[in-house]
Amino acid sequence: MSNLPNGKISGKVWGGVFTETTDSRVEQFTESISFDRRLYSQDVSGSVAHARMLADVGVLTAEEFGKIESGLRQIQQEIERGEFEFNIKQEDIHLHIENKLTERLGDIGRKLHTARSRNDQISTDLRLWVRGAIDQIDVQLKAVQAAFVERCDADFDVILPAYTHTQRAQPVLAPHYWLCYCEKFDRDRERLTDCRKRANTLSLGAAAVAGTSINIDREKTAKYLGFERIAANSIDVSSDRDFALEFAFCLVEIALHLSVWAEEWIWWKTSEFHFIELPQAFCTGSSIMPQKINPDVLELIRGKTARVIGNLQSLIVLTKGLPLAYNRDLQEDKEPLFDSFDTVETSLTLAAPLIAGMTLNRKAIAARLEEGYLDATTLMEYLIKRGIPQRTAHGIVGRLVRMAMDKNVPLAQLPMDVIQSVEPSLDKSVYEILGALQAVAAMQSYGSTAPEQVRKQIELWKNKIKN
Ligand code: ARG
């Protein structure tokens, strides 16, 4: 046994107190290197900043810091080149990097973990990772918004039915639809910005749970890592995963929005709707039905939302009632979080080219636009503007729609005498607001599908996307 490092029976950095070696099943069960290895660059950055601060306060000499920094950078390069060997005996990314450093630098490497615990270390690594992940998702959300905005001018002349209760409701401009998604993704971006503020907090210096008796300078560490604030309570640091849950929730919202869009376009691509075609490079076929061109990518974007929701649920349950402060349970936070990020990230990557490559079946859409009495509400409002109370106007238009339905014609094809039999005060000017095109043109309110309003919004969005 004496040939083990430091005479430790277990061969672990924490093994001094142990009198038995670790069961291999325990090593297998407790390891996290299989998934936390993706935090290697954050771990190196955190360690370099920590060591730099230790040198600032005189715990390390400038020379020791220099060796630690270059040793850590070298390890990072080896990991990136695939030359670094991982093994579950060393548990996690923190120990892999630290042990390798010590193997090379001896006692100097052994000083790195001064005034630090893996509890504040993992919290730091994860915060750095979340910060970077937020920035990456934000860029992709912007690309999806840009894909929608870039369609707006070309699709301006297309009128689509808007639905409520999956029933045809009112006519809207196609860009009004596109900008609807831009708004949703913009709220997602705002949420990410807000989440980033809380994630961007320094944990290092909290050590295991009570802080440290070594005279460290947390301001410096925060500055080196670009953290905007310093966590004020070491117990809180040790236990806090709010930032991870918040990010997981932000990802849920994005996935939900993507799933709504995917669902809509799946329907629009059916023969029944026949509103759109999707680029074939983003569709797949059937192994038995030769005619099929299926929207599988959209279906999977919709389907993968389930796991993003499930991951948030896992994190919520994981932290519920967990006693203060750090508990190993918290190691289970990473896989769901990474999975949610990977899933949403991939979905966004596919969404942008799908949006850009979609073609509208203009003729098919136009041919059926007068179905479903999309102009009924505009007609009602026309009556209101002529002094008829809303409830009365609603009733009148309801009767007119019923008559048109019985004759199987749109409202615009009801003869004047039929219209006047229901509402004698009406005259020929009524035909000026009937039909989908005129119903859209009649709109006025801010945020509506009025062409003037939509034009303004498109310009606003073009500017937003530019910046
Ligand atoms: N692998 C651990 C995690 O992900 C790192 C912290 C371990 N701390 C400890 N005291 N065992 O949470």
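Here is a yes/no grid of residues against (1) closer than 22 Å to S123 by Cβ; (2) in contact (Cβ under 8 Å) with a residue 40 or more places away in the chain:
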{"site": "Q167", "(1), (2)": "no, yes"}
{"site": "C180", "(1), (2)": "no, no"}
{"site": "T201", "(1), (2)": "yes, yes"}
{"site": "K223", "(1), (2)": "yes, no"}
{"site": "S238", "(1), (2)": "yes, yes"}
>> Between F35, F29, which is of a type in the set (A, V, I, L, M, F, W, C) and within 29 Å of the chain's Cα centre (by Cα)?
In response: F35
>> For region 110-155, give me the residue count where each residue is aliphatic (A, V, I, L, M), more than 23 Å from L72 (Cα to Cα) and in contact with an Asp or Glu (Cβ under 9 Å, 6 or more places away or on another chain).
In response: 2
> If you check I75, I93, I97, which single one turns out to be more than 14 Å from E31 (Cβ to Cβ), open to solvent by less than 50 Å² (accessible area, probe 1.4 Å), out of contact with any Gly (no Cβ under 9 Å at 6 or more places or on another chain) and within 16 Å of the ligand (Cβ to nearest atom)?
Replying inline: I97
> Does any residue of region 45-53 turn out to be at pLDDT 95 or above, in contact with a helix residue (DSSP H, G or I) (Cβ under 8 Å, 6 or more places away or on another chain), more than 16 Å from the ligand (Cβ to nearest atom) and over 16 Å from L204 (Cα atoms)?
Replying inline: no
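So, in region 128-150, exactly how many residues are within 16 Å of the ligand (Cβ to nearest atom) and open to solvent by 10 Å² or more (accessible area, probe 1.4 Å)?
The total comes to 2.
When you check L350 against the structure, is it in contact (Cβ under 8 Å) with a residue 60 or more places away in the chain and touching a helix residue (DSSP H, G or I) at 6+ places or on another chain (Cβ under 9 Å), yes or no?
Values: in contact (Cβ under 8 Å) with a residue 60 or more places away in the chain: yes; touching a helix residue (DSSP H, G or I) at 6+ places or on another chain (Cβ under 9 Å): yes.
Yes.
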> On the given criteria, is E299 open to solvent by 20 Å² or more (accessible area, probe 1.4 Å), of a type in the set (D, E), within 15 Å of the ligand (Cβ to nearest atom) and farther than 26 Å from N233 by Cβ?
Replying inline: no
> Got a number for residues in region 312-336 being in contact (Cβ under 8 Å) with a residue 40 or more places away in the chain and more than 16 Å from the ligand (Cβ to nearest atom)?
Replying inline: 2
> Does region 398-427 hold any residues that are within 24 Å of A450 (Cβ to Cβ) and of a type in the set (K, R), and which are they?
Replying inline: none
>> Quick check on region 286-309: of everything there that is touching an Asp or Glu at 6+ places or on another chain (Cβ under 9 Å) and not charged (D, E, K, R), which residue is modelled with the lowest pLDDT?
In response: I293
>> modelled with pLDDT of 95 or more, away from the ligand (no atom under 16 Å from the Cβ), touching a helix residue (DSSP H, G or I) at 6+ places or on another chain (Cβ under 7 Å) and among the aromatic types (F, W, Y): is that true of F86 in this structure?
In response: no
>> Any residue at all in region 102-113 that's within 16 Å of the ligand (Cβ to nearest atom), open to solvent by 10 Å² or more (accessible area, probe 1.4 Å) and within 33 Å of the chain's Cα centre (by Cα)?
In response: no
> Can you name every residue in region 205-219 that is over 12 Å from T124 (Cα atoms) and open to solvent by less than 70 Å² (accessible area, probe 1.4 Å)?
Replying inline: A208, V209, G211, T212, I214, I216, D217, R218
>> Considering only residues that are hydroxyl-bearing (S, T, Y) and open to solvent by less than 60 Å² (accessible area, probe 1.4 Å), which ones fall in region 346-388?
In response: S347, Y373, T377, T378, Y382
> List the pairs whose first member sits in region 91-119 and is touching a residue at least 40 places away in the same chain (Cβ under 8 Å) and at positive phi, whose second member is open to solvent by 20 Å² or more (accessible area, probe 1.4 Å) and within 16 Å of the ligand (Cβ to nearest atom), and whose Cβ atoms are under 6 Å apart, counting only residues at least 6 apart or on separate chains?
Replying inline: E91/E31; A115/T212
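Could you check region 404-426 and list, in sequence order, the residues that are part of a helix (DSSP H, G or I) and either under 18 Å from L369 (Cα atoms) or open to solvent by 60 Å² or more (accessible area, probe 1.4 Å) (or both)? Spell out how you get there, then give the answer.
Taking region 404-426 first, the residues part of a helix (DSSP H, G or I) are 404-407, 411-413, 416-422.
If the condition is that a residue be part of a helix (DSSP H, G or I) and either under 18 Å from L369 (Cα atoms) or open to solvent by 60 Å² or more (accessible area, probe 1.4 Å) (or both), then A404, M405, D406, K407, L411, A412, Q413, D417, Q420, S421 are the ones that fit.
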> How many of the residues in region 190-204 are surrounded by fewer than 19 Cβ atoms within 10 Å (Cβ to Cβ) and of a type in the set (S, T, Y)?
Replying inline: 1
> Filtering region 243-276 down to residues that are in contact with a Cys (Cβ under 9 Å, 6 or more places away or on another chain) and charged (D, E, K, R), which residue is nearest to Y177 (Cα to Cα)?
Replying inline: K269
> Do we have any residue at all in region 375-390 that's touching a residue at least 24 places away in the same chain (Cβ under 8 Å), away from the ligand (no atom under 16 Å from the Cβ), part of a helix (DSSP H, G or I) and more than 25 Å from Q413 (Cα to Cα)?
Replying inline: no
> In region 223-281, which residues are open to solvent by 40 Å² or more (accessible area, probe 1.4 Å), under 23 Å from A356 (Cα atoms) and among the aromatic types (F, W, Y)?
Replying inline: W267, F273
> What number goes with the only condition from (1) buried (at least 19 other Cβ atoms within 10 Å of the Cβ); (2) farther than 26 Å from D217 by Cα that F65 does not pass?
Replying inline: (2)
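The values are calculated or read from the model by the stated rules, or taken from the named source; none is laboratory data. Predicted model, so just to flag it, every value in this text is computed and none were measured. Cβ coordinates were reconstructed from backbone atoms using ideal geometry, including for glycine residues, and neighbour counts include every protein chain displayed. These area figures cover heavy atoms from the full protein model, side chains too; ligands, DNA and RNA do not enter into them. Shrake-Rupley method; radii C 1.70, N 1.55, O 1.52, S 1.80 Å.
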